[in-house]
1. Check whether at least one residue in the stretch 407-419 is open to solvent by less than 80 Å² (accessible area, probe 1.4 Å) and in contact with a helix residue (DSSP H, G or I) (Cβ under 9 Å, 6 or more places away or on another chain), and report yes or no.
2. Mind checking which pairs have a first residue in the stretch 219-244 that is free of Cβ contacts under 8 Å to residues at least 60 places away in the same chain and a second that is of a type in the set (F, W, Y), Cβ under 6 Å, 6 or more apart or different chains?
3. Conditions first: (1) surrounded by fewer than 18 Cβ atoms within 10 Å (Cβ to Cβ); (2) of a type outside the set (S, T, Y); (3) out of contact with any Gly (no Cβ under 7 Å at 6 or more places or on another chain). A274 passes all but one, so which condition is the exception?
4. Counting just the residues of the stretch 498-519 that are crowded, with 21+ Cβ neighbours inside 10 Å and out of contact with any Asp or Glu (no Cβ under 9 Å at 6 or more places or on another chain), which one comes out farthest from F446 (Cα to Cα)?
5. With a cut-off of at least 1 residues that are modelled with pLDDT under 95, under 20 Å from L530 (Cβ atoms) and more than 20 Å from the chain's Cα centre (by Cα), name the strands (runs of 3 or more DSSP E) lying wholly within the stretch 271-323.
6. Checking the structure you have, find out if any residue of the stretch 568-576 is outside any helix (DSSP H, G or I), out of contact with any His (no Cβ under 7 Å at 6 or more places or on another chain) and open to solvent by less than 10 Å² (accessible area, probe 1.4 Å).
7. Answer yes or no as to whether R494 is within 23 Å of the chain's Cα centre (by Cα), farther than 27 Å from G308 by Cα and of a type in the set (K, R).
8. For the stretch 224-233, state whether one or more residues are open to solvent by 40 Å² or more (accessible area, probe 1.4 Å) and assigned to a strand (DSSP E or B).
Amino acid sequence: MTQIAEVAIPVPLHNTFDYLCKEEVEIGARVKVPFGHKKVTGVVLSHKDKSKFDKLKEVEEVIDSEALLSKEILEFLLWSANYYHHPIGEVINNAIPKNLRNGKPANIKKPSEITNTSSSANFELTTEQTFAITEILKNLEKFSGFLLHGVTGSGKTEVYLSIAEKVIKNGGQVLILVPEIGLTPQMISRFEERILGRVVAVHSQLNDTQKQDAYLLAKTGEAKVILGTRSAIFTPMPQLGLVIVDEEHDGSFKQQSNFRYSARDLSFMRAKFANVPLILGTATPSLETLKNVLENKLSRLNLSTRPGKAILPEVNLIDMRAQPSEALSTPLIAKIKHYLELDKQVMLFINRRGYAPIYYCTDCEWQSECTNCDSKLVYHRSINRLKCHHCGIEKAPESFCPSCNSKNLKILGSGTERLEENLETYFPSAEVIRIDRDTTRKKKAFASHLKKINSGVPCIIVGTQMIAKGHDFSNLAFVGILDVDVGLMSTDFRATEHLAQLLIQVSGRCGRAHYKGEVNIQTRYPNHPLFNYVKDSQYTEYAKTLLTERKDTLLPPYAHQALICANAKDKNAAEKFLNEVAQLINNIDIKSVEIWGPVPGVIEKKSNYYYFNLYLQSADRSELRRLIQTFYQHVEKIKVISSVRWYVDIDPIE
Ligand code: ADP
Ligand code: ZN
Ligand code: ZN
């Protein structure tokens, strides 16, 4: 019997496509269909009695005899597509591993062995841990949201493990999302050691077969724990019993290309669809999450101290106005020396890789800049090249100033590479371990650095924000933070929130065992109010002042934003397009939405494309949604020159 199947196809179009199908086909199954001159893999969304189109093409092959996407996952994907106004075909494409996207059969190839034992923790839980666990266990059978607000090192992971154990004992599966660089071998092995059953980690370093196996092991229910980065939110888990988002404040839960979703935000709907509890864990909750607590959408559970003898470190400032203009101040060098003599580890955080961020002429104003982007080229000494950190081009440094022909060219400022070199001069016998994108490019490099640090040998760790998160280094006694002042001066309204989170997270890396750690922050603005809160670990109090500011100025989370971004090689074309969009939107009769722009992007030119933004904001989310829907219905009227690329970003964070 021939039937009509509505099929989602991975193309940037907002409609779905009808095909005739001679075989039985389940909703959620993949089919191979002709599309234009090509054959593509699509997913069946529904069966239809009739189509508004005649002359339908035929499904060429039914790939899955059994649905690949269950009803529950499909509903979740449709909800996501609708919320982000993104084509369902692309949303599905983003959600399934490459092999399955390309139509490969859904068979498990080489499941990894189950290596775990099930050992219990060798310590007593604290009263706060026990309370948090009991509260969540009371709510296993329904959707309920929790903020597990625990200072760094307070034992949040122990809470996850205890609840996960229980959920799995009851026959459930557990989904844990972690930030991009938070998925460490240490984290994986903690779950493997404790959980009876298969633990599957999903991350970018898996090959395509491993990714497909991980997906299918989750789908068949064989994997009891799925530990993954943001895209794991779409993993099919028929027995899903608990969703955890660790370090919920982390920016990497937002995807910043193509399908722009926030896995943190979507975790609410995922848990709601499955009717199970959601735990958002962090030491530094985002303002969005704190507002949800104030509005009783999340219940807060506190872990206010570190267990056992571990205590939070003491935080002090170094006033850089009184220091020579070097990367390392005299007091900082003295501290490093002191802690190395005690056989402790020391960590220095600087959020810039490379050797020096500026290459310039001392005789005129010239600075080496990228020809494709609005950005300075960064000097990398090991390869003696200037590199653009936005588009990746590189070249040999000029030997004459292109502007005045002078030979007096110099570098200015410091990145991780130069800091490493300075430290080797000051402390010739100390081991320096640098962790940044340049030193961890090779597959296993990051893991082997971490292994060394975890062995506890005295050393100096230098790194970018790759070292800020999640790690638990027990012999680390001192943290130095360099160059945070950019964050204080930023025009981004979220900059101080993010800086406070970063400072507390970085500080939290030390003093985890029986040793009170110490943190020094170098700044030229020691009187900035943010530091008082960071010094006293008063994140919540600081967040409260920020929330009040946002409320008074009507900014997120007290307003909802959407961004329409256009970019083109021709600057005028991008701006003109957005001007027309602005006009169109102004004609839509929805008054509660404010429009701002078009304005140039923070970096206006990237890889030879000029970026412009149009911001939409409303206190009423449904009005904003309605406006964007209307905009999509009419946008075809604007004649887009093919060279203009554009997208809509819902709840933008940049
Ligand atoms: P967080 O996830 O909050 O950063 P972890 O769960 O990693 O904290 O715990 C930090 C350290 O404290 C770990 O080494 C963990 O094994 C240990 N720990 C956790 N809970 C307890 C406890 N109740 N008693 C003693 N040590 C604990
Ligand atoms: Zn010059
Ligand atoms: Zn560039």
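1. Yes.
2. Correct list of pairs: R230/F253.
3. For A274, the failing item is (1).
4. A500
5. Details: elements: 278-282, 299-303, 314-319.
In the stretch 271-323, the matching strands (runs of 3 or more DSSP E) lie at 314-319.
6. Initially, the stretch 568-576 is screened for residues outside any helix (DSSP H, G or I), giving 568-570.
Subsequent filtering for residues that are out of contact with any His (no Cβ under 7 Å at 6 or more places or on another chain) retains 568-570.
Cutting the leftovers down to open to solvent by less than 10 Å² (accessible area, probe 1.4 Å) gives us 568.
Looking through the stretch 568-576, at least one residue is outside any helix (DSSP H, G or I), out of contact with any His (no Cβ under 7 Å at 6 or more places or on another chain) and open to solvent by less than 10 Å² (accessible area, probe 1.4 Å).
7. Working: within 23 Å of the chain's Cα centre (by Cα): yes; farther than 27 Å from G308 by Cα: yes; of a type in the set (K, R): yes.
Judged against the criteria, R494 is a match.
8. Taking the stretch 224-233 as the starting set, the residues that turn out to be open to solvent by 40 Å² or more (accessible area, probe 1.4 Å) are 224, 230-231.
Still in the list and also assigned to a strand (DSSP E or B): 224.
Looking for residues that are open to solvent by 40 Å² or more (accessible area, probe 1.4 Å) and assigned to a strand (DSSP E or B), one finds at least one in the stretch 224-233, hence yes.
The values are calculated or read from the model by the stated rules, or taken from the named source; none is laboratory data. Quantities reported herein were computed from a predicted structural model and do not represent experimental measurements. Quick reminder, even Gly has a Cβ in these numbers, built from the backbone with ideal geometry, and neighbours come from all protein chains shown. Accessible surface areas use protein heavy atoms only, side chains included; no ligands, DNA or RNA. Shrake-Rupley method; radii C 1.70, N 1.55, O 1.52, S 1.80 Å.
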